[in-house]
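Everything on this sheet refers to the single structure shown next.
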Amino acid sequence: MTKTILRSAIAAIIGIVVAFGLIWLAQYAGSEISPDVYDLDSGEILIPVGSTIALIAGWFLGTFAGGWLAMRVSAGTGPGWIVAGAVIGAALYRAVTLADSWWIMVLGVAVPLLAVWLAQRAASIVTE
């Protein structure tokens, strides 16, 4: 029992690290392709569409990879859903602190949930 819980906890931590690493890489690539622009008139930082698309893709790829890895390491599905919860929490925190639109908040929940559901299906296919 203790080994299973410890294995699941370690799997969740590894999955979260992988997920956030991939999200960071996607954000970095998005900012290199489509850098932010500082508006001198209003004093705001304008985030281009390319950076937003890269962020949403990062949420999907990071959650999928981190969740899949966590599920494979733990031999269960719980740690993968914990990874998705961490990504959702970070996405909502980012959306609230930057006062993003409502659709970014919706995507911040829906995209990781879809990704971890697909990762669960992929992990179950591999184990069969």
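The values are calculated or read from the model by the stated rules, or taken from the named source; none is laboratory data. Nothing here was measured: the structure is a model prediction, and the numbers come from that model. Ideal geometry is used to build each Cβ from the backbone, glycine not excepted, and the neighbour counts take in all protein chains shown. Heads up: the accessible areas ignore ligands, DNA and RNA and are worked out on the full protein's heavy atoms, side chains in. Shrake-Rupley method; radii C 1.70, N 1.55, O 1.52, S 1.80 Å.
Structural remarks
- Of the residues 42, 31, the single one that is part of a helix (DSSP H, G or I) and either modelled with pLDDT under 90 or at positive phi (or both) is 31.
- Residue that is most open to solvent (accessible area, probe 1.4 Å) [pool: residues in region 58-113 that are in a loop (DSSP other than H, G, I, E, B) and under 20 Å from residue 28 (Cα atoms)]: 98
- Some residue of region 53-70 being touching a helix residue (DSSP H, G or I) at 6+ places or on another chain (Cβ under 8 Å), modelled with pLDDT under 90 and of a type in the set (S, T, N, Q): no
- Any hit, region 9-24, residues being modelled with pLDDT under 90 and either surrounded by 17 or more Cβ atoms within 10 Å (Cβ to Cβ) or over 13 Å from residue 119 (Cβ atoms) (or both): no
- Test result for residue 43, of a type outside the set (D, E, K, R), more than 12 Å from the chain's Cα centre (by Cα) and over 16 Å from residue 109 (Cβ atoms): yes
- Pair list, Cβ < 8 Å and 6+ apart or interchain, from region 34-59 residues that are over 15 Å from residue 101 (Cβ atoms) to residues that are among the aliphatic types (A, V, I, L, M) and assigned to a loop (DSSP other than H, G, I, E, B): 36/47
- Test result for residue 52, open to solvent by 50 Å² or more (accessible area, probe 1.4 Å), assigned to a helix (DSSP H, G or I) and of a type in the set (Val, Ile, Thr): no
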